[in-house]
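Student: Have a look at this one before I ask anything.
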Amino acid sequence: MDDDASVSHEALFNQTLDAIMELEQLGFTCVESRETFRDRLEIFPDGVIVRPQVGYITSEIWRPGEQTFALDHRIRDMHDTRGTTLYISSMVVHPSQRGKGMGQQFMTALMRKVKDKYSHVNLVKLIVNAQWVHAHAIYVRLGFVEVDRLIGFFSDGDAIVMTRSMLSLPE
């Protein structure tokens, strides 16, 4: 019986990972590795929401002052559930679902989920490609503000570093 449960868990885990990788390829020209997403799912499952064919969001918790941005970075190098900053490591909405408020729903659901379990987390941080005006607009509507720019971070442009407080969350 236990073998069946572990096989089912492993199959579900792999289906979730497959869904993330499919969405990742639809959302980005520079795709993060399957191993990176496997680590994110294993190390901080509370920081992941996946809806196959709709989208996903992944995150990790950083210690105060931690700010080492890198594509395809290893969660185990930065993640510490005692930290106070929720870093949004990746989010993709399937192209067929864009313009329906899904990005805002993913972000709001994740912030609430993390705040409920890790009440000491008081800041959310993310980076967005400066060319992605629609994604940037979603973050601004959610209360994020630009705090820095990383010139030439992406192969096709700059990264905008944005933050918002976790003290009051959007509806």
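The values are calculated or read from the model by the stated rules, or taken from the named source; none is laboratory data. All of these numbers come straight from a predicted model, not from anything done at the bench. Note that we place each Cβ from the backbone using ideal geometry, even for glycine, and neighbour counts take in every protein chain shown.
Student: Kindly provide the set of residues from the stretch 149-167 that are touching a Cys at 6+ places or on another chain (Cβ under 8 Å) and either buried (at least 18 other Cβ atoms within 10 Å of the Cβ) or part of a strand (DSSP E or B) (or both), ordered by number.
Tutor: Matches in the stretch 149-167: Phe154 only.
Student: May I pose another question? Do we have Asp80 as surrounded by fewer than 18 Cβ atoms within 10 Å (Cβ to Cβ) and under 19 Å from Arg40 (Cα atoms) here?
Tutor: Answer is yes for this residue.
Student: In this structure, does Met111 turn out to be in contact with a Phe, Trp or Tyr (Cβ under 9 Å, 6 or more places away or on another chain) and closer than 20 Å to Ile61 by Cβ?
Tutor: When the stated conditions are applied, Met111 does not pass them.
Student: For the stretch 24-50, what are the residues that are in contact with a helix residue (DSSP H, G or I) (Cβ under 8 Å, 6 or more places away or on another chain) and either of a type in the set (S, T, N, Q) or part of a strand (DSSP E or B) (or both)?
Tutor: Within the stretch 24-50, Thr36, Val48, Ile49, Val50 meet the criteria.
Student: Right, here's the next one. Return a yes/no flag: does the stretch 103-117 have any residue that is buried (at least 19 other Cβ atoms within 10 Å of the Cβ), of a type outside the set (Ser, Thr, Tyr), within 19 Å of Glu66 (Cα to Cα) and touching a residue at least 60 places away in the same chain (Cβ under 8 Å).
Tutor: yes
This table checks each residue for (1) part of a strand (DSSP E or B); (2) over 14 Å from the mean Cα position of the chain (by Cα).
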position	(1), (2)
Gln67	no, yes
Arg82	no, yes
Val92	yes, no
Asp116	no, yes
Lys125	yes, no
Ala137	no, yes
Gly143	no, yes
Val147	yes, yes
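Student: Looking at the stretch 127-137, can you tell me whether even one residue there is exposed (fewer than 14 other Cβ atoms within 10 Å of the Cβ), polar (S, T, N, Q), in contact (Cβ under 8 Å) with a residue 60 or more places away in the chain and over 19 Å from Tyr56 (Cα atoms)?
Tutor: No: the stretch 127-137 contains no residue that is exposed (fewer than 14 other Cβ atoms within 10 Å of the Cβ), polar (S, T, N, Q), in contact (Cβ under 8 Å) with a residue 60 or more places away in the chain and over 19 Å from Tyr56 (Cα atoms).
Student: Given (1) over 20 Å from Gly143 (Cβ atoms); (2) assigned to a strand (DSSP E or B), where does Ile61 come up short, assuming only one miss?
Tutor: Result: Ile61 passes all but (1).
Student: For the list (1) of a type in the set (Asp, Glu); (2) outside any strand (DSSP E or B); (3) more than 25 Å from Met21 (Cβ to Cβ), I need the number of the one condition that Asp77 fails.
Tutor: (3)
Student: Also, I was wondering about something else. Quick check, is Thr68 modelled with pLDDT of 95 or more and among the polar types (S, T, N, Q)?
Tutor: The answer is no for Thr68.
Student: Based on what the data block shows, is Ile75 of a type in the set (Val, Ile, Thr), under 20 Å from Arg63 (Cβ atoms) and at pLDDT below 95?
Tutor: yes
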